[in-house]
Every structure is written in structure tokens, then in C-alpha cells.
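Colleague: Below you'll find the structure I mean.
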Amino acid sequence: MTARIIDGQVISDRLKAEVAAEVAVLKRDHGLTPGLAVVLVGDDPASQIYVRSKGEESRKAGLHSVTHRLPAATTEDDLVALVRTLNDDPAIHGILVQLPLPKHISEQRVLAVLNPAKDVDGLTITNAGKLASGQAALTPCTPLGCMIMLRESLGDLAGKTALVVGRSVLVGRPVAQLLLGADCTVTIAHSKTQGLPDVCRQAEILVAAIGRPRMIQGDWIRPGAAVIDVGINRVPFRDPVKAEAGKTKVVGDVAFKAASEVAGWITPVPGGVGLMTVACLLRNTLTAARRVHGLG
């Protein structure tokens, strides 16, 4: 068996086009432009790239986009004050504080003051609680992207056995809640799970979000399963010349080549889930704007 590739580029491009079309309708019919504010503290290179991409894609989709770049020495009180200001800004419907924050700033305190109605990354306690109780919530972007990819590939997910490997609040737990909401039978595995390979082999849907390069081996996969690889890990090239030069490449949490010979569907890394995150951020900003103005 050769797995069908779940192409994140194709799906994310279509989602961004749909968002842009809906934004145009909101502007035309209601004079409403959804607004997104992204806050970056410090100069982490990966975060800089993510934030730049979010700004560019927001503007392409027709959103009002604002980026606040703050120095690493910014105090917690100053960051909290900025978040409160954005909470009160009627032109801003979505706020994303790029994580991780510098060590001297409490992420919990910052998220605690973020207006849940503008929490487009779905990280506040309010949105997490709504998601867990089955209420309408702003959902974390990466888990939302996983679900869109699964539905594009499998259609109705009801009744399928699903395993989420990883229990982080960013991906593992919310994607498990979303799968449960789709009427899957859901198991969460983690570093203390006994007999993980056997647990994996039972799953018709396997979401790998554990942060360990190529941990999930091909013979752990149930034949025909749908494999969603959330992992983004930098590893040295196997080529000794490239490795000696310090060059690295990005791989997922799944041993892609071996898994592709067993799975029915699989997301590549790169080119899979990661591309969905920004597209889902745009979708969440549009959703937040519509809800604030009573438009569904």
C-alpha cells in the first residue's frame, strides 16, 4: 500500500481563498473588516518567521492586520497593558500573543486578561472549557487544521477509533476534544503510556503530536489508517558532509517513508499540518468578527 498524501498546500490555499471571499462579502454588505493583532515579544527567529507570515497572509485575505513587535526586555505589566488596549479596540477582532514568551513573563497571566471573544488561538481557559464541554468556542489553530484535513480525506469521522499521541494544551488535548466532538472513540497516549506501539496499531486515525523526531514507526501504523503528523523537528542530515556543515532538515514525529507504505492517508512534514495553522488563524479571526457583530 502507498498512502495518499494529504496536501496541506492545496487545502490551506483553498481555505484562505474561502476566507478572502467571505471577508469581501462582509466589507460589501456590512462595512466590516475583520482585524487581527499579533503580538511578538523578543527576537526568536522561528517566531519572527511565523509572525511575518501571519501578517502577510492576513493582508492578502483582506483583513486589517496589525503587528506589535516588542523588545525581549518588555515587562509583564507592559504586555498586559497592551493586551487590555487591544481588548478595547473595536477594529481588532482577533488577538494572538506569539508563544513562547520570555521567561520573566507569565503566559498564564497574559492569557488571563485576553478577551476570550478575541482569543483566535483558543488558549484562554474560557475557550478551552467551552471546547471541553462541547460549546461553540474559538479553537486552537493547529488542531482545527488537523480536523479539516481529516474531514477532507475521510469525510464523516463518526465511529472511527482515534489515537492522539501527545497531551499538550496547544495540540494534544484540544484535538482529542475535537475528535470526540466528531463522534470518534478517542484515546490519548503520552510518555507514560504502556505498550505504545500496540496502542497505535488499533487506531484508524492517528494524530502524532509528541515532539520527538520519527518516533512513530511504520510497523506501529494500522494498515489503511489516516496519519496526521503535527511534529516539526529539526534534525541533522544523514549525509555526513551536510551534517558536518551543521545543516539540518525538518522532519515530523512519524517515520514518513515507512509509514507511507502502511497508512491509507498521511500528512508530509513539511507541507502538511504546518501550512494549515495560518489559514485557520484567518478563519478564526473571521469567525470572531462575525460573532461580535451578531452575524453567526
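Colleague: Measure off, as a whole percent, the carbon and sulfur share of the 1.4 Å-probe accessible area of the range 190-296, all protein chains present.
Modeller: 54 percent
Colleague: Given a 10 angstrom Cα cut-off, can you work out which residue in Ala226, Ala255, Ala203 is the most mobile in a GNM of the chain?
Modeller: Between Ala226, Ala255, Ala203, it is Ala255 that shows the largest mean-square fluctuation.
Colleague: Sticking with this one: Given 0.36 nm per residue, what is the gain on full extension from Arg28 to Arg291 after removing their alpha carbon distance, in nm?
Modeller: Length difference between fully extended and current span is 92.9 nm.
Colleague: Still on this structure: On a C-alpha basis, how far is the centre of the range 260-292 from the centre of the range 66-91 in Å? Whole number, if you could?
Modeller: Here the answer is 27 Å between Cα centres.
Colleague: Follow-up question, since we're still on this one. Could you name the lysines in cross-link range of Lys247, using Cα to Cα under 23 Å and dropping any fewer than eight places away on the same chain?
Modeller: Once the sequence-local lysines are set aside, what remains near Lys247 is Lys257.
Colleague: Under a Cβ-Cβ cut-off of 15 Å, what is the net charge of the residues other than Gln217 that fall near it, where Lys and Arg count +1 and Asp and Glu count -1?
Modeller: 0
Colleague: Here's something else I'd like to know. Can you tell me the order of 129-138, 11-20 when each peptide is scored by its average per-residue count of other Cβ atoms within 10 angstrom, highest first?
Modeller: Highest-to-lowest ranking by the protection proxy: 11-20, 129-138.
Colleague: On a full-extension model of 0.36 nm per residue, what is the gain between His104 and Val169, subtracting their alpha-carbon distance, rounded to one decimal in nm?
Modeller: Values: separation 65, 0.36 × 65 = 23.40 nm, distance 2.07 nm.
Gain in length upon complete extension: 21.3 nm.
Colleague: A further question follows. Taking 8 Å as the Cα distance limit and 6 or more residues as the minimum spacing, I'd like the relative contact order of the range 52-128 as a percentage.
Modeller: Details: 57 pairs, mean separation 20.6, N = 77.
About 27 percent, as a whole number.
Colleague: Counting alpha carbon pairs within less than 8 Å and at least 6 residues apart, what relative contact order, in whole percent, applies to the range 110-223?
Modeller: The normalised contact order for the range 110-223 reaches 22 percent.
Colleague: Still on this model: Tally Lys/Arg at +1 and Asp/Glu at -1 over every other residue whose Cβ is under 10 Å from the Cβ of Ala182; what's the total? Can you show the working numbers first?
Modeller: Working: positive: Arg151, Lys160; negative: Asp156, Asp183.
So the environment of Ala182 carries a net charge of 0.
Colleague: Sticking with this one: Computed FRET efficiency, Cβ-Cβ of Arg69 and Asp183, R0 41 Å: what is it to the nearest 0.05?
Modeller: 0.45
Colleague: Hey, another quick one. For the range 103-232: lysine pairs with Cα atoms under 27 Å, gap of 8 or more or different chains, count? Display every interim value, and only then the final one.
Modeller: On the way: Lys103/Lys118; Lys118/Lys130; Lys130/Lys160; Lys160/Lys192.
Counting lysine pairs in the range 103-232 gives 4.
Colleague: Continuing with this model, one more query. If DNA, RNA and ligands are ignored and the probe is 1.4 Å, what is the ranking of Leu99, Leu206 by accessible area, most exposed first?
Modeller: From most exposed to least exposed: Leu99, Leu206.
Colleague: Rolling a 1.4 Å sphere over the protein heavy atoms, what is the accessible area per residue of the chain, to the nearest Å²?
Modeller: That works out to 47 Å² per residue.
Colleague: Within 12 Å, Cβ to Cβ, of Val51, how many net charges do the neighbouring residues add up to if Lys/Arg are +1 and Asp/Glu are -1?
Modeller: Combined, the nearby Lys, Arg, Asp and Glu give -1.
Colleague: Return the long-range amide H neighbours of Val207 (sequence gap of 5 or more, or a different chain), with a cut-off of under 5 Å between placed amide H atoms.
Modeller: Amide H neighbours of Val207, under 5 Å, 5+ apart: Leu163, Val164, Val165, Ile228.
Colleague: Using a Gaussian network for the chain with springs between C-alpha atoms less than 10 Å apart, which of these wobbles most: Leu275, Leu101, Leu150?
Modeller: Evaluated over the chain, the most mobile residue of the options is Leu101.
Colleague: Which of these, Val175, Val227, Val39, has the largest mean-square fluctuation under a Gaussian network model of the chain (Cα springs below 10 Å)?
Modeller: Of the options given, Val39 has the highest mean-square fluctuation.
Colleague: Would you mind telling me the antiparallel percentage of the DSSP bridges in the chain, rounded to 5?
Modeller: Of those bridges, close to 10 percent are antiparallel.
Colleague: How large is ³J(HN,Hα), in whole Hz, for each residue of the range 63-75 in order, when computed from phi with the Karplus curve 6.51 cos²θ - 1.76 cosθ + 1.60 and θ = phi - 60°, using x for Gly and Pro?
Modeller: 7, 6, 10, 10, 10, 10, 9, 10, x, 4, 7, 3, 7
Colleague: Relative contact order for the chain: what percent, with Cα pairs under 8 Å and sequence separation of 6 or more?
Modeller: It rounds to 22 percent for the chain.
The values are calculated or read from the model by the stated rules, or taken from the named source; none is laboratory data. Since the model is a prediction, treat every value here as computed from it, not as a measurement. No Cβ is skipped: glycine too gets one built from the backbone with ideal geometry, and neighbour counts run over all protein chains shown. The protein model used for the area step is the full one, side chains on, heavy atoms only, and it has no ligands, DNA or RNA in it. Shrake-Rupley method; radii C 1.70, N 1.55, O 1.52, S 1.80 Å.
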